[in-house]
């Protein structure tokens, strides 16, 4: 497996305000911005902004990992007792799921 951290997903109350802060105040390079998802180039890990939801409150952050063998990772971690909270599915051409870390915090996983 080639597991690597690819995203820090920050949930925000106001996308325009958050984009302006990270772009204009902090000086990060904006890759693109939409009302539902914005990304900043920060090296090998992308900072993504997502509108807050009841499940992911404004100000919280979820880390995102990726492995090229999505199914093998899911199978191995499920067998090891990892709790998956979202059924693996395809979204925007990417396989996605979510699991809980040792503190019960959500972790995004893609392949």
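Of all residues in the range 38-51, those satisfying the criterion of being surrounded by fewer than 17 Cβ atoms within 10 Å (Cβ to Cβ) and over 28 Å from residue 77 (Cα atoms) are 41, 42, 51. Consider the range 91-105 and keep the residues that are part of a strand (DSSP E or B) and at pLDDT below 95. The one that is surrounded by the most Cβ atoms within 10 Å (Cβ to Cβ) is 94. Can you confirm whether residue 34 is free of Cβ contacts under 8 Å to residues at least 60 places away in the same chain, over 14 Å from the mean Cα position of the chain (by Cα), under 17 Å from residue 91 (Cβ atoms) and loosely packed, with under 13 Cβ neighbours inside 10 Å? Against the criterion (free of Cβ contacts under 8 Å to residues at least 60 places away in the same chain, over 14 Å from the mean Cα position of the chain (by Cα), under 17 Å from residue 91 (Cβ atoms) and loosely packed, with under 13 Cβ neighbours inside 10 Å), residue 34 qualifies.
Filter the range 38-57 down to the residues that are in a loop (DSSP other than H, G, I, E, B) and touching a strand residue (DSSP E or B) at 6+ places or on another chain (Cβ under 6 Å), then identify the one that is farthest from residue 108 (Cα to Cα). For the range 38-57, the residue satisfying everything is 52.
For the range 1-19, filtering for residues that are surrounded by 13 or more Cβ atoms within 10 Å (Cβ to Cβ) and assigned to a helix (DSSP H, G or I) leaves 3. Within the range 58-81, the set of residues being part of a loop (DSSP other than H, G, I, E, B), within 17 Å of residue 101 (Cβ to Cβ) and either under 16 Å from the mean Cα position of the chain (by Cα) or in contact (Cβ under 8 Å) with a residue 24 or more places away in the chain (or both) comprises 60, 67.
The values are calculated or read from the model by the stated rules, or taken from the named source; none is laboratory data. All of these numbers come straight from a predicted model, not from anything done at the bench. Here Cβ is always computed from backbone atoms with ideal geometry, including for glycine, and neighbour counts include all displayed protein chains.
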